[in-house]
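Below is one structure, written out as structure tokens; comments come after it.
Derivation of every value follows stated rules applied to the coordinates shown; laboratory data play no part. Source: prediction; values computed, not measured. Cβ: placed from backbone, ideal geometry, glycine included. Neighbour counts: every protein chain shown.
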Amino acid sequence: MKFRTVLLALLVSACLWPTWKNLRGMVAGAQPATHLEPAFVVHPTPEISLQAEPADFFVSIKSDLAAARYDQLDAMAAEYRQPQALFVSGTPKLYRFYQAFSARKDGAPVLDPKTCSCNMPDDEFNTTREQLEAWISAFPASPTAKIALSKLWYDYAWSARGAGYSDHVTKEQWRQAGERLEKAEHYLIDPDPALDPEVLYVATNIAALRSDGYDRLNDLYDQEIRNFAWFYPYYSQHARYLQEKWFGSSEDEAAFLKKLAASGPDGLVAYSVAAGELMLNTNRHKLFSDTTGLDFMTTINAFQVREARYGLRQYDWNTILFMTISAMQGCETGHLALVKSEGRWSPEIWRGDHGFYEADIAWFHANSQYK
């Protein structure tokens, strides 16, 4: 319990960001580095033509569940288990499919970008739980329903634990979180991890919240990549758990990133996905490379490879813009990302604080030769 308490204290402390006003002061006082001029060319037609995620994707899935259209949901999951079932930027449709079951009724995610807390109201949890249990009752052999319910219980365990500092988490909160994890593990027993990539993804998250340790998470990652190397969320997940606040070290993280960067185009796409995860923990008082362990030029190149293959979403352009500002680079790539995002900010990147976003944009204009 003491180890888990310390571990989660580190996790939560990393999620608590300063206010945007303080960050604006950090940015304003920083000296921009020498401008880099990486060649980032936008490809009007990516190598692989992919559909953008529909705006009502989550809502439509929740509607199908509420209407007991189980055959339709199972068929959708079967289609999405194929490697080619991707949205723009290479995001697996299956990954987003399962996320829909934990979303709120209006389709919004339960994750609070300011607190890193999965704050799931009991009434919404119980509604979705009952619907998924009805699905399992009607179709006991459906792995899809069981995986969805396992993920739901995992998210609900985080809701019990909360986002407070560890010394503010009560024994009752720990107890509730543990009981909910047991439920999550129960529903993950039957689904075959070799047939659906989400099984190992959820199993890894459960193991991390249980503080099962470095070796266990490495074993799970090896299984993930062996079975579904195309399931890009694995790379961001592993990057997260290799951080010192979890189970790894700076050396582990560096070795992981180096291996991805040296693995050809596929590895570079995976590198860009891992980079997106690591940049969420970037603070302005340190430069990009010091904080994340990422190489700036390699990261830009990785996003370029991904853009050429799959295209990029607004979220990705926001990530690139955030990266260039984090690196104190008012560079051409940052300008391109600003133009491509057209002022449409992603709350996940700027922790739900539009003032933080505006302060970063002001810094960029003040420190870039690209207007």
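Quick look at the values:
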| read-out | value |
| --- | --- |
| Sparse-neighbour loop sites [trypsin sites (Lys or Arg not before Pro); the range 287-344; at most 16 other C-beta within 10 Å; DSSP] | Arg344 |
| Taking Glu358, Glu253 and counting other C-beta atoms within 10 Å, the order from fewest to most | Glu358, Glu253 |
| In Å, descending, principal axis extents of the Cα set of the range 52-231 | 45, 37, 33 |
| Inverse of mean 1/r across different Cα pairs in the range 278-321, Kirkwood, Å | 11.2 |
| Residues Asp155, Asp122 arranged by fewest to most Cβ contacts within 10 Å | Asp122, Asp155 |
| Computed log₁₀ I(q)/I(0) - Debye formula, equal Cα scatterers, no solvent, the range 192-307, q 0.10, 0.24 Å⁻¹ | -0.28, -1.43 |
| Cα Rg over Rh - the range 247-323, Kirkwood | 0.95 |
| Per-residue Cβ neighbour rank within 10 angstrom, fewest leading, Ser326, Ser249 | Ser249, Ser326 |
| Difference of contour (0.36 nm per residue) and Cα-Cα distance, Thr170 to Arg344 | 58.7 nm |
